[in-house]
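A.B. asks: My questions will all concern the structure given below.
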Amino acid sequence: MEKERNLASVEEKAYQIRIKKEMTQSEFAKLLGISTSYVSNWENGYNEITVVLLNKICNTCYVTFDYMMGLSKKNNSNVVMLDEIDKKYLGKRLKDIRRNAKLTQEKMAKKINTYRFLISDYETGRKSISTADLKQICETFGYSADWCVGKLSECVRYKPVEKLKTKDMKDMISN
């Protein structure tokens with residue numbers, strides 16, 4: 001009997017890809033050039049797959065960021081393979097998203113539940129964005145993650161995901 005899984009969508013999709021390819025954790029790790037313990041840790045909910053590793057998984061397994069993040073149910077074959085993610089390029093795209101939404105870094109940070117200094121670091125390319133923050137930005141503002149990282153040249157938009165606010169959840173529970 002398989003234990004219940006409670007993974008973020010990216011880690012769950014990576015797990016499903018490994019199972020579909022009928023690979024052990026060790027074989028999958030070798031394919032990606034990482035340790036078996038790293039695969040085990042993300043599959044058990046201890047680690048998050050980084051954007052750099054996600055790019056490797058997408059390139060190796062012919063899947064898109066949007067598919068892996070649950071932004072799209074289809075795997076778009078028009079996506080370019082990138083050897084590496086350019087943090088400055090990604091930062092420019094994130095800044096464009098923020099400016100199009102007419103938000104300050106502080107307001108964007110609040111909207112995606114992170115810190116202003118991280119938005120600043122992401123936009124300048126000083127820090128690699130977390131997969132969770134990239135997914136949150138793409139869901140909240142309705143942008144393709146593949147477009148954000150430079151795998152698509154044309155901007156693809158999705159319907160933004162409406163998140164329940166804490167107050168709304170409390171109201172639902174009390175009723």
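The values are calculated or read from the model by the stated rules, or taken from the named source; none is laboratory data. No experiment lies behind these values; they were computed from the predicted model shown. All Cβ positions, even for glycine, are placed from backbone atoms using ideal geometry, and neighbour counts span all protein chains on display.
A.B. asks: What are the pairs, 6+ residues apart or on separate chains, where a residue within region 24-48 that is exposed (fewer than 14 other Cβ atoms within 10 Å of the Cβ) has its Cβ under 6 Å from a residue that is of a type in the set (Ser, Thr, Tyr)?
C.D. replies: Here the result reads SER26/THR36, each pair linking region 24-48 to a residue that is of a type in the set (Ser, Thr, Tyr).
A.B. asks: Now for a separate question. Just to be sure, is GLU27 of a type in the set (Asp, Glu) and either within 27 Å of ASP121 (Cα to Cα) or assigned to a loop (DSSP other than H, G, I, E, B) (or both)?
C.D. replies: no
A.B. asks: Residues that are touching a helix residue (DSSP H, G or I) at 6+ places or on another chain (Cβ under 6 Å), modelled with pLDDT under 90 and over 20 Å from ALA14 (Cα atoms): does region 161-171 have at least one?
C.D. replies: yes
A.B. asks: Would you call SER153 outside any helix (DSSP H, G or I) and of a type in the set (Ser, Thr, Tyr)?
C.D. replies: When the stated conditions are applied, SER153 passes them.
A.B. asks: Please enumerate the residues belonging to region 13-23 that are of a type outside the set (Ser, Thr, Tyr) and without any contact (Cβ under 8 Å) to a residue 40 or more places away in the chain.
C.D. replies: Passing the criteria: GLN16, ARG18, ILE19, LYS20, GLU22, MET23.
A.B. asks: In region 73-96, which residues are of a type in the set (Gly, Ala, Ser) and in a loop (DSSP other than H, G, I, E, B)?
C.D. replies: Initial filter on region 73-96 (of a type in the set (Gly, Ala, Ser)): 77, 91.
Selection gives SER77 alone.
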